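This report refers to the structure that appears directly beneath it.
The values are calculated or read from the model by the stated rules, or taken from the named source; none is laboratory data. It should be emphasised that the depicted structure is a prediction, and the values quoted were computed from it without experimental measurement. Every residue, glycine as well, gets a Cβ built from its backbone with ideal geometry; the counts of neighbours run over all protein chains shown. Accessible surface areas use protein heavy atoms only, side chains included; no ligands, DNA or RNA. Shrake-Rupley method; radii C 1.70, N 1.55, O 1.52, S 1.80 Å.
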Amino acid sequence: MLGAIGLDEVHESAYRALVSVGAADVSDLARRLTLAEYEAERTLRRLERHGLAAQSSARPGRWVAAPPGVALGALLTQRRHELEKAELAAALLAEEYRAAAAEPAVHDLVEVVTGAAAVSQRFLQIQLGASTDVCALVTGNPIAVTALENEAEPQAVSRGVAYRVVIEREVLSLPTGLTELAAAIGRDEQVRVVDRVPTKLVIADGTLALVPLTSRTSEPAALVVHASGLLESLSGLFEAVWREALPLRLGEGGRVTEVGADGPDGTDLEILSLLLAGLTDVSVAKQLDLGLRTVQRRVKRLMELAGVTTRLQLGWHAYERDWVAR
């Protein structure tokens, strides 16, 4: 737990032992930590340099722990200052980079990444660096990263990054496909499905994209595309596929189902009727014995199905499409 302030497991155990016993000599500490005496002494000397331990003036040969509130507080303060300086340095470097990239050369707009490990790393980095949104096309036959092997996605969503993902239908037949899709939809990601997507694609914040290069003979590779006309074309490609795809949602029992063109199901209609009657989301959830997130998720899917952006527009479309009686 104290690794964040520069202590490894052995030194942390030694400090905890001194705190618990009050004082100990080298042989006692070596026995408690199952270390050789010279290793125990070296550990104590390092704790001394960190201000966490000192030799007892009242009991020669014994070592005592410095008060945790004071000693650890000082180390934490020092580490905070170091992090602040690192953040400042990162901000200055970012500003320098932006200034240098204000008039990028043509060859700087596209970066080629080769090797499965490098492609996978950039795939994760692009998402972890996103601040607002990520758009993705997911194939069932990936190049370097499997369709569902994306550890960056939950982390980005937890920071408030919005995801819009189109998968091709083959992903649904993968061994853990439905489980992972249910988890994604449960994180309030917008997920749609089409029979085939033209290519795997990730776009972050509309400013950076990654496109794998397919090759049967050479090692995996990908293009990292920076803000340019090419990036705008890739964004247009995603939006075109997104419009043609069918939304996926969580059905009864946590099953992943498609929202087809035939309209909402019975539960959707009940939610719509109660909302149009003036009930709040919380009241609707209680009335229908549903979770609040379930109600909100279904309303969002209805808005997608109707192609609207506000609940007022949804109400109008509900009447126009005879989803509810006037």
If you go through the range 26-71, how many residues are closer than 13 Å to His11 by Cα and of a type in the set (A, V, I, L, M, F, W, C)?
10
Against the conditions (1) among the charged types (D, E, K, R); (2) at pLDDT 80 or above; (3) within 16 Å of Gly266 (Cβ to Cβ), where does Asp281 fall short? Just the number, please.
(3)
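If you check Val295 against the conditions, is it within 14 Å of Asp265 (Cα to Cα) and either open to solvent by less than 60 Å² (accessible area, probe 1.4 Å) or part of a helix (DSSP H, G or I) (or both)?
Working: within 14 Å of Asp265 (Cα to Cα): yes; either open to solvent by less than 60 Å² (accessible area, probe 1.4 Å) or part of a helix (DSSP H, G or I) (or both): yes.
So Val295 passes the test.
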Return the pair list, or none, for Cβ contacts closer than 6 Å from residues in the range 181-207 that are small (Gly, Ala, Ser) to residues that are open to solvent by less than 30 Å² (accessible area, probe 1.4 Å), at least 6 apart or on different chains.
Ala184/Val191; Ala204/Ile126; Ala204/Ala130; Ala204/Val134
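Quick check on my filter: what residues within the range 228-253 are surrounded by fewer than 15 Cβ atoms within 10 Å (Cβ to Cβ) and modelled with pLDDT under 80?
Arg243, Glu244, Gly251, Glu252, Gly253
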Going residue by residue through the range 160-180, is there one that turns out to be at pLDDT below 85, of a type in the set (Gly, Ala, Ser) and either farther than 30 Å from Ser218 by Cα or open to solvent by 70 Å² or more (accessible area, probe 1.4 Å) (or both)?
yes
The range 35-59, subset modelled with pLDDT of 75 or more and aliphatic (A, V, I, L, M), residue surrounded by the fewest Cβ atoms within 10 Å (Cβ to Cβ)
Ala36
Evaluation of Leu76 against (1) at pLDDT below 80; (2) exposed (fewer than 15 other Cβ atoms within 10 Å of the Cβ); (3) within 30 Å of Phe238 (Cα to Cα) (one fails), failing number
(3)
Residue list for the range 265-285, restricted to those being exposed (fewer than 13 other Cβ atoms within 10 Å of the Cβ) and in a helix (DSSP H, G or I):
Gly266, Val282
Against the condition surrounded by fewer than 16 Cβ atoms within 10 Å (Cβ to Cβ), within 32 Å of the chain's Cα centre (by Cα), among the β-branched types (Val, Ile, Thr) and under 19 Å from Arg249 (Cα atoms), how does Thr309 come out, does it pass?
yes
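If you check Arg16, Arg62, which single one turns out to be surrounded by 11 or more Cβ atoms within 10 Å (Cβ to Cβ) and in contact with a helix residue (DSSP H, G or I) (Cβ under 9 Å, 6 or more places away or on another chain)?
Numbers: Arg16 fails: in contact with a helix residue (DSSP H, G or I) (Cβ under 9 Å, 6 or more places away or on another chain).
Matching residue, one of Arg16, Arg62: Arg62.
Of the residues Ala156, Ala221, only one is open to solvent by less than 10 Å² (accessible area, probe 1.4 Å) and touching a strand residue (DSSP E or B) at 6+ places or on another chain (Cβ under 7 Å); which? First the steps, then the outcome.
Working: Ala221 fails: open to solvent by less than 10 Å² (accessible area, probe 1.4 Å).
Unique residue meeting the criteria: Ala156.
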